[in-house]
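The values are calculated or read from the model by the stated rules, or taken from the named source; none is laboratory data. In this text the structure is predicted, and so the values were computed from the model without any measurement. In this analysis, Cβ positions are derived from the backbone assuming ideal geometry, glycine residues included, and neighbour counts consider all displayed protein chains. Note: accessible area is taken over every heavy atom of the protein model, side chains too, but ligands, DNA and RNA are not part of it. Shrake-Rupley method; radii C 1.70, N 1.55, O 1.52, S 1.80 Å.
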Amino acid sequence: EPGSHKLMLCRATIVQVGAGGSVTEISPNLAIAGSITGTVTGPNGSPLDPAAAIYVEAYDSDGEYVTDAPVKTDGTYQLGGLTTGDYRLHFSSYGSATPGYLATWWNHAQSLETATPVHVVTGAATPGIDTELVQGGSISGTVHNAQGGAVSGNGEVSVYDASGKLVRSSSISES
């Protein structure tokens, strides 16, 4: 997939071209990338809300972001362009579904550090990496200024869990 390849400069072959010159017969052998595929469902295997805009992100064994892919409306996804290695998958919702789905790591791990790695081999598909998302609750209300009046201007409301970790933010605007 275009744009989803990790450059490996340490393995690159240097080709020197002088001013006004050209080099021909450069024919690299590109390996067929590996991939991870699966299906994402809502609670109890229900179809996802199309407004949820679910994405799956892959992180390598060092915890570095590698690539992401949208989850299609039928719940399927494919992360391509992967080299041999272990990847940890994070599923999250960026859409407008209310209530939204809670972000999770594959196998319902709570963090990158505890996420179950998915092993990929270059040139092969790793299928069946499925997950079921849980719907979260919602919070609604009206933001007032310190005097109890209407908010002047734009702002943001953020929700944090009991440990102080940001859960979600939402923009507010003057109404």
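Based on the alpha-carbon gyration tensor of the stretch 85-175 and its eigenvalue square roots a ≥ b ≥ c, which shape applies: rounded if a/c is under 1.5, prolate if not and a/b is larger than b/c, or oblate? Prolate is the answer for the stretch 85-175, as a/c is 1.5 or above and a/b outweighs b/c.
Solvent-accessible area per residue in the chain equals 66 Å², computed with a 1.4 angstrom probe and all protein chains kept. Each Cα pair under 8 Å and six or more residues apart adds its sequence gap; the mean of these over the residue count of the chain is a relative contact order of 22 percent. For every other residue with a beta carbon closer than 15 angstrom to the beta carbon of V159, add +1 if it is Lys or Arg and -1 if Asp or Glu, then tell me the sum. My count for the surroundings of V159 gives 0. Think of each Lys and Arg Cβ as +1 and each Asp and Glu Cβ as -1; about the Cα centre, that makes the dipole of the chain roughly 60 debye. Once R0 is set to 41 Å, what does the formula 1/(1 + (r/R0)^6) return for the Cβ-Cβ distance between T37 and Q147, expressed as a FRET efficiency to the nearest 0.05? Once the sixth-power term is evaluated, E becomes 0.15.
When a 1.4 Å probe is rolled over the protein heavy atoms, the share of accessible surface on the stretch 15-157 that falls to carbon and sulfur comes to 51 percent. With θ taken as phi - 60° and the Karplus curve 6.51 cos²θ - 1.76 cosθ + 1.60 applied, the whole-hertz 3J(HN,Hα) list for the stretch 121-128 is 10, 3, x, 10, 8, 10, x, x Hz, x standing for glycine and proline. First select every other residue whose beta carbon is under 13 angstrom from the beta carbon of G75; then total the charges, Lys and Arg +1, Asp and Glu -1. Summing Lys/Arg as +1 and Asp/Glu as -1 gives -3.
Between L166 and N154, the contour length at 0.36 nm per residue exceeds the Cα-Cα span by 2.3 nm.
The packing ranking of peptides 29-42, 142-155, highest mean first, is 29-42, 142-155, where packing means the average number of other beta carbon atoms within 10 angstrom of each residue. If you work out volume of the Cα convex hull per residue in Å³ from the coordinates, which of (i) 126; (ii) 205; (iii) 144 do you get? It is the value labelled (ii).
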